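Undergrad: Dropping the structure in here first, questions after.
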Amino acid sequence: MRHSGLIVASVLEHLRENIKAGISTLDVEEMALQYLNGHYDDIKPAFLGYMGFPASICVSINDEIVHGIPSKTRFIKKGDIVSVDFGVVYNGYCGDAAISVIVGKGSPEAEKLVRVTEEALHEGIRMATVGNRLYDVSHAIQSHVESNGFSVVRDFVGHGIGRSVHESPQVPNYGSPGSGILLKDGLTIAIEPMVNCGNHKIKILKDGWTAVTSDGSLSAHFEHTIAVTNKGTFILTEPR
Ligand code: MG
């Protein structure tokens, strides 16, 4: 799974360096596939065709939370928050991660949202240790987000991951500490806070996929696949 995770990380780093104003979200998809196919053999993007999803990356801008479909008519602008979610299957094992990047400089609100969302992911990972409970992770994320005046999306959650990209357990970004399953050696999960500036409610657009904030507020998304082990917790989708 670390091999799969490294591949995901390298594609996302490539996108982080190359997403810029003026390109379309379909250009981002093509950049991801070109990089993937230019550097690796036999890698299957995990999302292409998943429940009918028509692309290899999800790209979601500003008030779009997750699951945006790459489009040749959707152009990225200066100051946009661009969230990209990408996963692969390599040798039968999956990796899944997401980043949010601001194109150039964002508004103070956008800059804070992106920073707090990434911090919340790491607050969650810090609690993902053998002997803790699952919702200790959820609670850490929720506390960090809410203490900064934002809200966590409830309609989508993180997930177990392994041979399939989505496995049990569900990993919510909210919950009561000390509850949920006991975290054991060998558990692999994807933790993925989705954070809104306004309230936590969502709407799905007519394309059947794109989730947006119901109040039109900005949203950000970060995700890592991690392994909880007796030797410590490893971020499998961390760049080398
Ligand atoms: Mg995921």
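Read-outs: derived from the displayed coordinates by stated rules, not from any lab. Note that the structure is predicted; figures quoted are calculated from it, not measured. All Cβ positions, even for glycine, are placed from backbone atoms using ideal geometry, and neighbour counts span all protein chains on display.
Undergrad: So which residues in the range 44-55 are in a loop (DSSP other than H, G, I, E, B), within 15 Å of residue 30 (Cα to Cα) and without any contact (Cβ under 8 Å) to a residue 60 or more places away in the chain, if there are any at all?
TA: Those that are in a loop (DSSP other than H, G, I, E, B), within 15 Å of residue 30 (Cα to Cα) and without any contact (Cβ under 8 Å) to a residue 60 or more places away in the chain: 48, 54, 55.
Undergrad: Could you tell me which residue of the range 156-179 is nearest to residue 140 (Cα to Cα), considering only residues that are away from the ligand (no atom under 16 Å from the Cβ) and of a type in the set (S, T, N, Q)?
TA: Result: 176.
Undergrad: One residue is enough: does the range 137-153 have a residue meeting the conditions closer than 21 Å to residue 57 by Cβ and touching a Gly at 6+ places or on another chain (Cβ under 8 Å)?
TA: No, every residue in the range 137-153 fails to be closer than 21 Å to residue 57 by Cβ and touching a Gly at 6+ places or on another chain (Cβ under 8 Å).
Undergrad: Another question, then. Report yes if residue 74 is surrounded by 15 or more Cβ atoms within 10 Å (Cβ to Cβ), in contact with a helix residue (DSSP H, G or I) (Cβ under 6 Å, 6 or more places away or on another chain), of a type outside the set (A, V, I, L, M) and in contact (Cβ under 8 Å) with a residue 40 or more places away in the chain, otherwise no.
TA: Yes; evaluated as a whole, the condition is true for this residue.
Undergrad: Failed condition for residue 182, given (1) within 16 Å of the ligand (Cβ to nearest atom); (2) of a type in the set (A, V, I, L, M, F, W, C); (3) over 21 Å from residue 216 (Cβ atoms), with all others met?
TA: Among (1) within 16 Å of the ligand (Cβ to nearest atom); (2) of a type in the set (A, V, I, L, M, F, W, C); (3) over 21 Å from residue 216 (Cβ atoms), residue 182 violates only (1).
Undergrad: What are the pairs with Cβ atoms under 9 angstrom where one residue, in the range 4-22, is over 16 Å from residue 38 (Cβ atoms) and the other, located anywhere, is assigned to a helix (DSSP H, G or I) and β-branched (Val, Ile, Thr)? Sequence gap at least six, or different chains.
TA: These pairs meet every condition: 19/28.
Undergrad: Looking at 91, 132, which one is away from the ligand (no atom under 16 Å from the Cβ), in contact with a His (Cβ under 9 Å, 6 or more places away or on another chain), under 27 Å from residue 6 (Cα atoms) and touching a residue at least 24 places away in the same chain (Cβ under 8 Å)?
TA: Testing whether each residue is away from the ligand (no atom under 16 Å from the Cβ), in contact with a His (Cβ under 9 Å, 6 or more places away or on another chain), under 27 Å from residue 6 (Cα atoms) and touching a residue at least 24 places away in the same chain (Cβ under 8 Å) leaves just 91.
Undergrad: Taking into account only those residues within the range 104-134 that are of a type in the set (Asp, Glu) and surrounded by fewer than 16 Cβ atoms within 10 Å (Cβ to Cβ), which is farthest from residue 82 (Cα to Cα)?
TA: That would be 109.
Undergrad: Specify which of the listed residues (155, 96) is charged (D, E, K, R) and closer than 18 Å to residue 237 by Cβ.
TA: Only one candidate qualifies: 96.
Undergrad: Whether any residue in the range 13-29 is surrounded by 19 or more Cβ atoms within 10 Å (Cβ to Cβ), touching a strand residue (DSSP E or B) at 6+ places or on another chain (Cβ under 9 Å), assigned to a loop (DSSP other than H, G, I, E, B) and of a type in the set (Val, Ile, Thr) is what I want to check.
TA: Checked against the condition, which is being surrounded by 19 or more Cβ atoms within 10 Å (Cβ to Cβ), touching a strand residue (DSSP E or B) at 6+ places or on another chain (Cβ under 9 Å), assigned to a loop (DSSP other than H, G, I, E, B) and of a type in the set (Val, Ile, Thr), the range 13-29 yields at least one hit.
Undergrad: For the range 135-155, which residues satisfy the criterion of being buried (at least 17 other Cβ atoms within 10 Å of the Cβ) and within 16 Å of the ligand (Cβ to nearest atom)?
TA: The answer is 137, 138, 141, 152, 153.
Undergrad: Exactly one condition in (1) within 16 Å of the ligand (Cβ to nearest atom); (2) more than 20 Å from residue 13 (Cβ to Cβ) is false for residue 85; which is it?
TA: (2)
Undergrad: I'd like the full set of residues that are more than 16 Å from the ligand (Cβ to nearest atom), within 21 Å of residue 172 (Cβ to Cβ) and surrounded by fewer than 21 Cβ atoms within 10 Å (Cβ to Cβ), limited to the range 216-240.
TA: Selection gives 217, 233.
Undergrad: For the range 101-140, name all the residues that are farther than 26 Å from residue 184 by Cβ and assigned to a helix (DSSP H, G or I).
TA: Hits for the range 101-140 are 108, 109, 110, 111, 112, 113, 114, 115, 116, 117, 118, 119.
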